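The values are calculated or read from the model by the stated rules, or taken from the named source; none is laboratory data. Small disclaimer: the values here were computed from a predicted structure and weren't measured. For neighbour counting, all protein chains shown are included, and Cβ atoms are generated from backbone atoms with ideal geometry for every residue, glycine included. These area figures cover heavy atoms from the full protein model, side chains too; ligands, DNA and RNA do not enter into them. Shrake-Rupley method; radii C 1.70, N 1.55, O 1.52, S 1.80 Å.
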Amino acid sequence: MPDTVGLFNRVAGRYDALNTFFSFGMDRRWRKRLSGEIRGSLSVLDVATGTGEVAMEAVRSLGGGCRVVGADPSARMIDLARRKVASSGLGDRISLARCGAENLPFRDGAFDAVTIAFGIRNTADPLKSLSEMERVLKPGGKAGIMEFAIPKNRLFAPLYLFYFRNILPLVGSLFGTGSEYRYLSESTSAFPQRESFVKLMEEAGFRTAKTVELMMGIVVIYVGIKKA
């Protein structure tokens, strides 16, 4: 397992711009869809919050009564998130904590919903991280987990994999981030896909409600519910 905290500290300043570039501008739409899967939640924990984009989208999408805690182990990411939240005018509804997904410093049943976007594969122990997310949820609470996946379409998959494994790291190297995006490709290919990840969620205690495929299957949202 590489030093992912150090990796994200290094790319923090370019993280948002590169995400938008490499997702062809779809990242905002993906975040809105993720927030839509936890509608009705008033207290939300966003794990691996990065620069706070999911936390801010959740507050905007879920309405005035929603409060969000954004958690991330990267000091640089949390620093950027703090500045972005302050400038957005949402500081009274979003708080930030520096911590990893494997050891969340929150009480049992503290949140209506938990989200994590493109972060679960970066954890040192995905099962432990999922178990922690389940622990801090109220009974019946939802977990929205958004992650990259390998497309199932036999025609599209080879084209996407060529882009993902070759073009993306090459373009990333022009911005000084080639090794980081090479890690993105390798970690996505090695991470449990679809049914295997659903089983991991169930092992952590979730009842899986559904999976949502986005952009021809390159992104999947897994929605799990904590058993009552």
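Here are a few things to note about the model shown:
- Within the stretch 160-169, not a single residue is in a strand (DSSP E or B), surrounded by 19 or more Cβ atoms within 10 Å (Cβ to Cβ) and aromatic (F, W, Y).
- Per the listing S35, S23, S61, S41, the residue uniquely over 17 Å from the mean Cα position of the chain (by Cα), surrounded by 14 or more Cβ atoms within 10 Å (Cβ to Cβ) and at pLDDT 65 or above is S41.
- Residue among S74, S95 that is hydroxyl-bearing (S, T, Y) and at pLDDT below 95: S74
- Of all residue pairs spaced 6 or more apart or on separate chains, those with beta-carbon atoms under 6 Å, a first member in the stretch 127-141 that is closer than 12 Å to F106 by Cβ and a second member that is open to solvent by 40 Å² or more (accessible area, probe 1.4 Å) are R135/D108; V136/F106.
- Residue that is surrounded by the fewest Cβ atoms within 10 Å (Cβ to Cβ) [pool: residues in the stretch 114-133 that are in contact with a helix residue (DSSP H, G or I) (Cβ under 7 Å, 6 or more places away or on another chain) and under 14 Å from A190 (Cα atoms)]: R121
- Pair list, Cβ under 9 Å, 6 or more apart: the stretch 56-76 residue within 11 Å of R39 (Cα to Cα) and touching a residue at least 40 places away in the same chain (Cβ under 8 Å), other residue open to solvent by less than 50 Å² (accessible area, probe 1.4 Å) and assigned to a loop (DSSP other than H, G, I, E, B): A58/I38; A58/S41; A58/C66
- Residue in the stretch 122-137 that is in contact with a Leu (Cβ under 7 Å, 6 or more places away or on another chain), within 26 Å of V198 (Cβ to Cβ) and in a loop (DSSP other than H, G, I, E, B) present: yes
- Extreme residue, most open to solvent (accessible area, probe 1.4 Å), among residues of the stretch 190-220 that are part of a helix (DSSP H, G or I) and touching a Leu at 6+ places or on another chain (Cβ under 8 Å): E203
- Qualifying residue in the stretch 176-188 (condition: among the aliphatic types (A, V, I, L, M), at pLDDT below 80 and surrounded by fewer than 13 Cβ atoms within 10 Å (Cβ to Cβ)): no
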